Amino acid sequence: MSSLQSDIDYMKSLAEDGTRGPMKNGAILFWAGLLYAAASVAEYGVAINLLPQTGIVQAVIWIGASVLFAIFAVLTSRRCKGVRSARGKAYDSAWTAVGMGIAVLIVSVFLVARQVQEVQAITYMIAPVVLVLYGMGWWVSAMMSGEGWLKAISFGC
């Protein structure tokens, strides 16, 4: 009977794998937050004339942040090995969706800005929308993990 109970406990632990404890891939989230927050600050620098108000500067800001993030994400993800829990896959999916949304937003904004010949005014929308998308990712993480303090990060975004 003891063997049966230990087998049941083992199966239960496999089923609950990843339902408690800290989120994984914190390094990727750190780099995303750092790079896109820096890009947002730089964009505001353009808006208040601390940086040149040109489409090229804004493109360098956002495309540069995205390229750097892609490099850090690839380098960081190579270190994450092993079996992924359903929870880990859900986190990855949510944050991948946020990242893809940011990438599509940036490309779309530059295409629209180029079409309407109003690059500076339209690209000012990138920073707040990126922060909103990032905040949505943190909200999903807070709801999935039950960690209330992650809601504060979401509201901060």
extent check for the range 25-152: Cα max minus min per principal axis, descending, whole Å, gives 48, 29, 26
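At 0.36 nm per residue, and after removing the present C-alpha to C-alpha distance, how many nm does the segment from Ser77 to Lys89 gain when stretched out fully? Please report the intermediate quantities before stating the final value.
Numbers: separation 12, 0.36 × 12 = 4.32 nm, distance 1.30 nm.
Between Ser77 and Lys89, full extension yields an extra 3.0 nm.
Coordinate-derived values only; no laboratory data. Values in this document were obtained by computation on a predicted structure and should not be read as measured data.
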